[in-house]
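The values are calculated or read from the model by the stated rules, or taken from the named source; none is laboratory data. What you see is a predicted model; the values in this text were computed from it and never measured. Methodologically, a virtual Cβ is constructed for each residue, glycine included, from the backbone with ideal geometry; neighbour enumeration extends over all protein chains shown. For accessibility, only protein heavy atoms count, side chains too; no ligands or nucleic acids. Shrake-Rupley method; radii C 1.70, N 1.55, O 1.52, S 1.80 Å.
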Amino acid sequence: MSRFPATVIRLLFSSFVFVMGRAVALPFMALYLNEHLGLNPQVIGWVLGGSIFFSTLFSLYAGYLADRVSKNLLMKLAGVVVAMCTASLTIAPNAFTALLALMCIESALTLRGISLKAMLADLLPPDQRPKAFALNYTLINVAFALGPVLGAWLFAIKISAPLWLAAGFSLLASQVLGRQVATARTGSDVKASPAGFKATMRVLRSDSRLVLFTTGSVLTSFVFGRFVSGYLSQYLIVSQGVQATAQLLPFILITNAVTVVVLQYPVGKLMQQKYLFRWVSLGAMLYAVGLLGFMHASSSLSWVVATLAFTVGEVIVIPCEYMFIDMIAPADRRGSYYGAQSLAMFGAALNPVICGFLLAHFHSDVMFWVLISAALLGVLLYFAGTRSKPVTPHAIEPESMPKVCQPRPCLSVLAASKQLAGNRVKNLFPLS
């Protein structure tokens, strides 16, 4: 971390403070909605699920905003929105107002996350970005290891206390950003005015590599996005009962959290862009090993070993997903590309629904084989993306640019950009 510029360190610290606010309140949101509004589990599920679904769709526009507006300003505004809406939940009179507040909160979280990744890419050269992404993910996991403990203590005192503290953390994160990050500039900050939203969406659809990488991320997110709170909990309840599930889950959660915190940054430092496909293949294979271990686990130790293998796969795959997008994203559309990649959250959202259906109608092994197949299919899509041709130059022109490129130097720059992008993809999967 000491090798990063001071602006990046401050940005990552702000991210940690912001996530602490989420970690304090998020684990108790369902309990709060039940205690404060008297909502039943089904309504709570619709409220929480609906807010996440909306924010995932909003990620496309959030990425577009990150390309047009100061990323530092967007992160500050997101912190203020999260603080205000979190505080408003303490006086929400019904499920509808709670849903609106949570939709704003989740959308602001999405906007801040996309802006953060795009700003890290602006501030750092390509060889340092994997370390920064890995360190940010490590800090997120540290926050979620500490936050729920503090939140549980506050919830026992007053059920709305975690929400007020979360609002305070969100405001503090905006202050931590300060002017130092706001005034930091790189060469990528100087760019032409981007195209309109519809034109930007056409560009994203036309980039086959982005479509393939994002679809691959949806599949890998389906495998790891809700693996403890989703299919493992469901599987354990069906196969071993509630009592055994309550005894095993702490071992699984602790193993996952410790492994991520210890390994995420060291592994991220080892990653190189030209070997990304090898890394993501290794991560998917570890997913498969972990899932096979879950399928045949018969003791607490075997569950811990399987969780360890699965979590190492998670530690590898998550930074790879960001780096695949960073590799192909034009400097003036990084936000839009990261916004498209955020659609991977649909995989995590679908996980408990699909796995619950499979557990209810088929043998439990079928669910694990479906998950293994999804991980391997995701790798195939990443491979197809590395072999796909870069988007053609005319597809990334803003709407205001004439159809015929006038000066000859413009042609040479576009041709050089196309050749460079093609070489980067070819070098991603060396055969020798």
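Here each label is just a point 7 Å from Cα along the line to Cβ, and for VAL258 and GLN128 those points are 3.3 nm apart. Backbone geometry of segment 98-115 corresponds, through the Karplus equation with coefficients 6.51, -1.76 and 1.60 at θ = phi - 60°, to 3J(HN,Hα) couplings of 5, 4, 4, 5, 5, 4, 5, 5, 5, 5, 5, 4, 4, 4, 5, x, 5, 4 Hz, x marking Gly and Pro. Stretching ILE157 away from ILE237 to a fully extended chain increases their span by 25.7 nm, per 0.36 nm per residue minus the current alpha-carbon distance. Measuring with a 1.4 angstrom probe and ignoring ligands and nucleic acids, LEU301 comes out at about 120 Å² accessible. Over what distance in Å are the Cα centres of segment 329-350 and segment 162-176 separated? One Cα centre to the other: 26 Å.
Each label was represented as a point 7 Å from its Cα along the Cα-to-Cβ direction; for GLN247 and VAL69 these points are 5.3 nm apart.
Ligands, DNA and RNA excluded, the heavy atoms of GLU106 present near 30 Å² of accessible surface to a 1.4 Å solvent probe. Here GLN42 and LEU292 are evaluated by their C-beta separation; at R0 = 41 Å the FRET efficiency comes out at 0.75. Take the alpha carbon atoms of segment 210-284, find their center, do the same for segment 83-140, and report the distance between the two centers in whole angstrom. Each part's Cα centre sits 21 Å from the other's.
Between GLY385, GLN341, VAL317, the Cα set farthest toward the positive side of the dipole of segment 306-389 (charges on each charged residue's Cβ, about the Cα centre) is that of GLY385. One quarter of the surface of the convex hull around the alpha-carbon atoms of segment 11-112 equals 6.2 nm², the direction-averaged projected area. Please work out how much accessible surface LYS131 shows to a 1.4 Å probe, ignoring ligands, DNA and RNA, in Å² rounded to 10. Accessible area, nearest 10 Å²: 40 Å².
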